[in-house]
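Okay, structure first, notes after.
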Amino acid sequence: MTSTNEVELSVERIRGPPTIDFDDITCLICTNIVWKPVACQTCETPFCSTCIIKWLSRSEDACPMRCDKFIQRSCPRFILNKLSKLQITCIYQMNGCKEVITYEALEKHETQCGYQPQQCSGCQSVISKNDLQEHETVCLLIVFTCVDCKIIYKRGDASVCHTDIICLRKQLQELRNESQVEIRRRNQELEQSQQNKQQLGELRELLNEQVTSLMTCGILANNVDVAIKRTQIKSTVEIKTLDPTRIVFDRRSHAILTERLLCSKCQTIFWNPVSCATCGKVLCKTCCPRGNTLSRMMRSFFHARSKSSNSNDCRRFEETSAPSSIMDALTALQVRCAYAPNGCEVISSYGDLEQHEIQCEFENIPCQLCRLPTSNRKNAKKHTLQECFQYMQNKNPSQIQQQFMTLLNTIHDAQTDISRIQSNIDRAITRIDELDSTCVKKPTTAHT
């Protein structure tokens with residue numbers, strides 16, 4: 001038996017009041033008491049909500065009372081008042097329920113009623129809700145799954161299909177199967193590891209042979225570090241710009257890194273910023289407008305003629321110190337070293353960045369031949385090719401190194417002779433020009 005939601009509310013279930021008029025609360029479609037009623041906006045006739053939905057699906061929005069169109073509205077108040085006075089028997093009265101419930105409480109009662117029929121999961125018998133739990137504790141057809149051995153069995157077959165010995169045997173069998181799978185997996189991993197180890201050893205031997213061969217030829221030094229690959233990089237002072245991607249963000253940096261710290265011309269972080277004394281505009285020192293007197297006069301002329309020029313553009317940029325607010329914000333920035341691509345992991349403040357990059361060891365680039373560190377700094381000693389081969393000969397005094405050194409010395413001596421001869425030729429040409437100018441005769445005046 002189903003609930004009132006699935007069947008109509010028949011008049012036979014009404015127990016009071018005795019003076020109720022059923023005509024106003026009867027659904028004209030199912031001829032039973034309206035259940036969860038709605039009404040037509042035109043004629044205000046009440047219908048069961050499920051009945052009118054079925055009607056409209058067949059009648060294309062036509063009202064059962066032949067109105068032009070059914071427009072749903074809530075049920076009139078006087079009908080709801082009549083329904084609230086009804087006393088109704090439970091739909092499970094035939095199962096033993098003796099409750100008489102009001103219209104509003106009927107649906108909730110039927111969902112909780114202990115006489116609601118339910119089906120046993122084992123024998124599939126229909127039993128009232130109150131008796132189902134007790135029945136399932138003794139039903140022989142209830143199916144169980146053992147949490148230990150995972151055997152599925154019925155209660156009536158437990159003495160045959162699921163004894164303690166059977167359960168232990170099943171667990172032992174499952175454990176043996178899992179162990180065999182795990183052993184196979186471990187053996188495969190061990191074989192793969194041994195193969196990888198063998199390949200790694202072969203690669204290491206091959207690498208050692210190549211390195212030894214290159215060292216014998218003097219191409220690599222003994223202290224070569226093949227993992228380090230550095231490139232020539234200019235410092236921040238040399239490029240005179242600070243890329244925003246080099247800023248290390250933290251809570252403070254996120255708060256201060258705004259567009260006011262970006263140069264409007266180069267679109268990078270201010271580097272050595274200066275300000276215009278007239279308009280207050282801040283630029284990088286290298287971005288400041290510069291020029292001779294003529295260019296300044298032309299800029300002043302076109303500035304006066306332009307109507308759309310920016311109010312911050314001045315006729316002449318009068319350089320002065322940047323505002324303290326800008327300098328304080330820049331000082332708080334944390335910046336990566338310009339030589340970070342070469343391996344430097346130092347993060348300096350904006351004010352200490354220049355001093356760090358002057359001394360940073362990652363500016364040095366190993367020579368491709370002798371691996372000695374070389375620097376492009378102004379005060380650094382120049383690494384000549386002769387010094388390079390001399391160092392390799394000292395590290396590996398082989399015959400090929402001696403031949404390279406002999407060839408290099410010969411080339412050096414030849415270049416020195418060529419330079420000396422070129423100087424002598426230049427001096428001779430200069431002397432010839434001087435003599436030629438001295439021997440030039442002045443033009444004579446004709447006698448009359």
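Scanning the range 18-39 turns up one or more residues that are within 27 Å of Q118 (Cβ to Cβ), surrounded by fewer than 17 Cβ atoms within 10 Å (Cβ to Cβ) and touching a helix residue (DSSP H, G or I) at 6+ places or on another chain (Cβ under 9 Å). Summed over the range 357-384, residues that are surrounded by 14 or more Cβ atoms within 10 Å (Cβ to Cβ), modelled with pLDDT under 85 and of a type in the set (A, V, I, L, M, F, W, C) total 5.
Which residues, taken from the range 249-272, are β-branched (V, I, T) and at pLDDT 85 or above? Within the range 249-272, T268, I269 meet the criteria.
State yes or no: is F404 aromatic (F, W, Y), at pLDDT below 70 and surrounded by 13 or more Cβ atoms within 10 Å (Cβ to Cβ)? Judged against the criteria, F404 is a match. Within the range 22-50, residues that are assigned by TED's automatic domain parsing to the domain that holds K85 sit with their Cβ atoms under 8 Å from residues that are among the acidic types (D, E) and in a loop (DSSP other than H, G, I, E, B), at 6+ positions apart or across chains, in these pairs: C27/E8; C30/E8; N32/E8; I33/E8; W35/E8; T42/D68; P46/D24; C48/E8. Just one of the numbered conditions (1) outside the structural domain of Q334 (by TED's automatic domain parsing); (2) surrounded by fewer than 11 Cβ atoms within 10 Å (Cβ to Cβ); (3) modelled with pLDDT of 70 or more is not true of R230: (2).
Scan E387, E354 and give me the residue that is in the same structural domain as N272 (by TED's automatic domain parsing) and either closer than 25 Å to A329 by Cβ or surrounded by fewer than 18 Cβ atoms within 10 Å (Cβ to Cβ) (or both).
Details: E387 fails: in the same structural domain as N272 (by TED's automatic domain parsing).
Result: E354 is the single residue among E387, E354 that is in the same structural domain as N272 (by TED's automatic domain parsing) and either closer than 25 Å to A329 by Cβ or surrounded by fewer than 18 Cβ atoms within 10 Å (Cβ to Cβ) (or both).
With respect to I142, is the statement that it is surrounded by 16 or more Cβ atoms within 10 Å (Cβ to Cβ) and at pLDDT 90 or above true? Explain how you work it out, then say what you get.
Values: surrounded by 16 or more Cβ atoms within 10 Å (Cβ to Cβ): yes; at pLDDT 90 or above: yes.
Yes.
Scanning the range 116-130 turns up one or more residues that are over 55 Å from the mean Cα position of the chain (by Cα), free of Cβ contacts under 8 Å to residues at least 60 places away in the same chain, buried (at least 17 other Cβ atoms within 10 Å of the Cβ) and under 30 Å from D157 (Cβ atoms). Taking the criterion of being assigned to a strand (DSSP E or B), closer than 23 Å to E238 by Cβ and more than 37 Å from the chain's Cα centre (by Cα), the only residue of the range 318-342 that qualifies is E319. Tallying residues that are free of Cβ contacts under 8 Å to residues at least 24 places away in the same chain and among the polar types (S, T, N, Q) within the range 51-92 yields 4.
Hey, among E8, E12, which residue is in contact (Cβ under 8 Å) with a residue 12 or more places away in the chain and under 20 Å from K82 (Cβ atoms)? After ruling out the rest, the residue left standing is E8.
Is the range 286-309 home to any residue that is part of a helix (DSSP H, G or I) and modelled with pLDDT of 85 or more? Looking through the range 286-309, at least one residue is part of a helix (DSSP H, G or I) and modelled with pLDDT of 85 or more. Scanning the range 118-169 for residues that are in contact with an Asp or Glu (Cβ under 8 Å, 6 or more places away or on another chain) and over 28 Å from N95 (Cα atoms) yields a count of 3.
The values are calculated or read from the model by the stated rules, or taken from the named source; none is laboratory data. Note that the structure is predicted; figures quoted are calculated from it, not measured. Counting neighbours? That spans all protein chains shown, and the Cβs are built from the backbone with ideal geometry, glycine included.
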